[in-house]
Amino acid sequence: MGVVWRGTDERLGRVVAVKQVFLNQGLDEREADEVRQRTLREGRIAARLQHPHAISVFDASIEGDEPWLVMEYLPSRSLAAMLGEHGPLEPRLVARIGRQVADALDAAHQAGIVHRDVKPGNVLIGADGTVKITDFGISRATGDLTLTRTGMLAGTPAYLAPEVARGEDSTSASDVFSLGATLYAAVEGVPPFGSDDNALALLHNVAAGALNPPVQAGPLTALLMRLLRTDPQERPSAAEARRELGRIAHSSTSTSTSGWSRSELDAADARIPDTRRPAESDPVTPGGRGRPAPTPTWRGSPFDLEAESGEALRSPAPSPRGNGSGPHPTPAEARAFAPAPAAAPAPATGRRGRPTTLVVVVVLALALLAGIVVAFLVARPTGSDTGATGASVGAPPTSAPVDEHAAMVSAVRDYYGIVPGNPAAGWARLGPEQQRSSGGYAAYQGFWSTISSVQVSSATAVDDDTVRASLLFFPQGRSPVRETHDLGMIQGTNGAWLIDSDRVLP
């Protein structure tokens, strides 16, 4: 339990959220100190995750015998508040919200972090539709969802997974169940196990897995039932959930069951980043689509572009925005601060909410134009998968997946053949999510002005919407820097591949 204050980071001149963690009454000094240390430890763990759909933790400390956490500030409303105001939401809108939460969970799970408290109250929705989950790794430390010394439940069990209600440890599969319970509540208006005021009776129902099948979920129904399976082994991963939610978000069948007006739904829907992908592919954001997804390295808040990561706080490298002093950061550091070009056209109907915290640019591949692609492939050093772009250029929709993979790889090589010499053309090859995460075209241009050149050592499609590229950056006046990036790809309205997210692998 605790209270969140709005504060100011006077050193860096930014607004932050400061959470004061209350110690449960009745704890002796040894137990209270254990909670303090666990809070600090969990704060450090949460700080490892820098993702566009997760509230970042900047610092943790003990003041006045109580733990305090300094976090990213996001002007927003919680999903719980939205449900209280509007009632059940439209399934397609819920899918879009859920897709972004699943993306953050996937990145967390790949980083070895289990949230433990996924629920509507911890899902924040910003004014522009950006969704972020908060309180990573904190609930268990503060005892919000564990049994107390007296055996009473501290907090509601409504969103717990059955195995956790039975006393087992929380796992990534438990988070997936809680995500399903959260989305269920968003479309049905109540959690899957009801909202019995008797916490122990509710806990019994949760442990038994006795949920009420959804009746208003429409296209979400089948996925919800998979997310809410009693056996953790039978649930999809967060990455799989993200992909399915992306498809559902753009399905044509969706009936409105919310109290929102059609105009409100359309406006909210337009603010949430698009996740559209071809019917056969995996639409959605960063994080591992069935493969390890490294912690994103370049994060951007639509409300506070100055909100750097915890790493940035420890090493205040200047932002490409030009409002800092001192030497230029490395490419990875610079991207951690670089806002995505704001004013350039945002071509894609992309589906990704993939945070790109460390990388500022990698983005957007368009390139299905054979002539351009071939020209760049000839001019640049290539890896083993230079790819047959020509085959994908006039390929019918039924062309083999390998052709699409080659087209994505070619688009990535094309992009890095354009920057840093022509940032305007590079900007046009970024998807809307990546452009927004970058913080504006001026910042994007500023970053590339610090780089003399970049080489693609190798590029490989690791799945239907991700290209893994080994890149060698040559910063001006500094030693070369080699990085491996996972680039999330989407297709624009003209079918060209764009880079819509960028993650630097450890």
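FYI, it's all coordinate maths here, none of it is from the lab. Owing to the predicted nature of the structure, the values given are computational and were not obtained by experimental measurement. So basically every Cβ, Gly included, is an ideal-geometry build from the backbone, and we count neighbours across all protein chains shown.
Database remark: amide H of Ser501 closer than 5 angstrom to the amide H of Leu364, Gly488 (H placed geometrically; neighbours at sequence offset of 5 or more, or on other chains; Pro and chain starts carry no H). Can you give the Kirkwood hydrodynamic radius for segment 1-133, in Å, rounded to one decimal and based on Cα pairs? About 16.1 Å, per the Kirkwood formula over Cα pairs. Between Glu29 and Ala424, residue separation times 0.36 nm minus the direct Cα-Cα distance comes to 136.2 nm.
Across segment 2-72, how large is the tail of the calculated P(r) beyond 13 Å, expressed as a percent of all Cα pairs? Numbers along the way, then the final one.
Numbers: 1651 of 2485 pairs.
It works out to 66 percent of all Cα pairs.
Taking amide H positions as modeled 1.01 Å from N, with prolines and chain starts lacking one, the residues under 5 Å from Ser56 and 5 or more places away or on another chain are Glu72. Applying the Karplus relation 6.51 cos²θ - 1.76 cosθ + 1.60 with θ = phi - 60° to segment 76-83 yields 3J(HN,Hα) values of 6, 10, 7, 4, 4, 5, 5, 5 Hz, where x marks Gly and Pro.
For the pair Ser470 and Val3, a Förster radius of 30 Å applied to the C-beta separation gives a FRET efficiency near 0.05, rounded to the nearest 0.05.
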